[in-house]
Amino acid sequence: MNHFLDIHKTKPDALRNIIDNARLIKNARAGRPKGALDDEQALTGHVVALIFEKPSTRTRVSFDVGVRQMGGQSMVLSGSDMQLGHGETIADTARVLSRFVDLIMIRTFDESVLHEMAEFATVPVINGLTDRTHPCQIMADVMTFEEHRGPIAGKKVVWTGDGNNVCASFLHAAAQFGFDLTFTGPVQLDPEMEFVGLARNAGVSVQIERDPIKAVDGADLVVTDTWVSMHDAQSSRERRHNMLRQYQVNDELMRHAKPDALFMHCLPAHRGEEVTSEIMDGPKSVIFDEAENRLHAQKAIMRWCLDI
Ligand code: CP
């Protein structure tokens, strides 16, 4: 059974197939109304459960629309409204849902919930974000980079700011797709060294550079994310902002990257904090392509999970 739990747990040839299929799926829909069904109704007769224990706009809508376009049916479930949020075990929830649906996507806090769901489900499980990783996002990001600039292998990606769950999945992708990654941010918010080591062991360069201007030298892609993630305490907001202010993506920083460098942000963004509006809305930004590509990439992921 093909669970899509993390990029480093999925074989490189499967990841490449997913990206290539996502491009085909996107091209096949070019110019069509969003509500139109795909020519190929791959999910006809399939039901997909989309479980959210955290807020979401992009993940929720892109999965839901993706299932519908492929002829399937989806149900969006809030963790707090399920018995899951009132003491039923994850294992029992997984076994029960598997009797009703063909595929489960879950966004949760601790990744142990995702892993327990996958262990006890008898249908594929997809990671829609945990406190530790966000693989669907980075599949869309790799697809987006390659649409604009060709193969990502050998390119230099710079992550600036908080070494959070999205950064973690970028490190996994560096290892699997063969690009170099430089992290620039305060030492207190470094990415997990386990993931840094994993990428380095795969033979790619992972650098940690405290000076953001030096870090972006030669960058093909500059990426950032919110300074206070969903799992971070709001009480840490001021401390985090003070640590991260110098890592804002702005015109001055982007001037030190390659002239054709792209800017990405998984969204939602906090304009004027981790990135300026000039960059968000400027010519280097591909943020809305990234958001759209969640749809196409996840359709390819669902098809891979179901082997259809
Ligand atoms: N980037 C992302 O996962 O967006 P949502 O939190 O809106 O799903």
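The values are calculated or read from the model by the stated rules, or taken from the named source; none is laboratory data. Note that the coordinates shown come from a computational prediction; the quantities given were computed from them, not determined experimentally. Cβ coordinates were reconstructed from backbone atoms using ideal geometry, including for glycine residues, and neighbour counts include every protein chain displayed. Quick note on the areas: whole protein, heavy atoms, side chains included, nothing else; ligands and nucleic acids left out. Shrake-Rupley method; radii C 1.70, N 1.55, O 1.52, S 1.80 Å.
Among the residues of the stretch 138-171, those identified as touching a Lys or Arg at 6+ places or on another chain (Cβ under 9 Å) and farther than 19 Å from E194 by Cβ are M139, A140, M143, F145, E146, E147, R149, K155, K156. Residues in the stretch 141-164 that are open to solvent by 10 Å² or more (accessible area, probe 1.4 Å) and part of a helix (DSSP H, G or I): E146, E147, H148, R149.
In the stretch 223-243, is there at least one residue being surrounded by fewer than 16 Cβ atoms within 10 Å (Cβ to Cβ) and at pLDDT 95 or above? No, there is no match, as no residue in the stretch 223-243 is surrounded by fewer than 16 Cβ atoms within 10 Å (Cβ to Cβ) and at pLDDT 95 or above.
Does G203 satisfy the condition of being touching a Gly at 6+ places or on another chain (Cβ under 9 Å) and farther than 26 Å from P55 by Cα? Taking the combined requirement at face value, the residue satisfies it.
In the stretch 74-105, how many residues are away from the ligand (no atom under 16 Å from the Cβ), among the polar types (S, T, N, Q) and in contact with a Leu (Cβ under 8 Å, 6 or more places away or on another chain)? Residues in the stretch 74-105 being away from the ligand (no atom under 16 Å from the Cβ), among the polar types (S, T, N, Q) and in contact with a Leu (Cβ under 8 Å, 6 or more places away or on another chain): 1 in total. Does D38 count as open to solvent by less than 60 Å² (accessible area, probe 1.4 Å), under 26 Å from A199 (Cβ atoms) and in contact with a helix residue (DSSP H, G or I) (Cβ under 8 Å, 6 or more places away or on another chain)? It is false that D38 is open to solvent by less than 60 Å² (accessible area, probe 1.4 Å), under 26 Å from A199 (Cβ atoms) and in contact with a helix residue (DSSP H, G or I) (Cβ under 8 Å, 6 or more places away or on another chain). Pairs only if they're at least six apart or on different chains, beta carbon under 7 angstrom, first in the stretch 211-222 and within 14 Å of K155 (Cα to Cα), second open to solvent by less than 20 Å² (accessible area, probe 1.4 Å) and part of a loop (DSSP other than H, G, I, E, B); list them, first residue then second. Close Cβ pairs (under 7 Å, with a partner that is open to solvent by less than 20 Å² (accessible area, probe 1.4 Å) and part of a loop (DSSP other than H, G, I, E, B)) amount to V216/A257; A219/A257; A219/A261; D220/A261; L221/A261; V222/V216; V222/A257; V222/A261. Can you tell me how many residues within the stretch 113-138 are part of a helix (DSSP H, G or I) and within 12 Å of the ligand (Cβ to nearest atom)? The number of residues fulfilling the criteria is 4.
Does any residue of the stretch 74-97 turn out to be in a helix (DSSP H, G or I), among the acidic types (D, E) and open to solvent by less than 10 Å² (accessible area, probe 1.4 Å)? The answer is no; no qualifying residue exists. For the criterion of being closer than 22 Å to M280 by Cβ, more than 18 Å from the chain's Cα centre (by Cα), of a type in the set (V, I, T) and modelled with pLDDT of 95 or more, V216 passes.
Figure legend. Inter-residue proximity from the stretch 145-161: first residues within 13 Å of Q207 (Cα to Cα) and basic (K, R), second residues buried (at least 21 other Cβ atoms within 10 Å of the Cβ) and modelled with pLDDT of 95 or more, beta-carbon distance below 7 Å, spacing 6+ or different chains. Indicated pairs: K156/T182; K156/A219.
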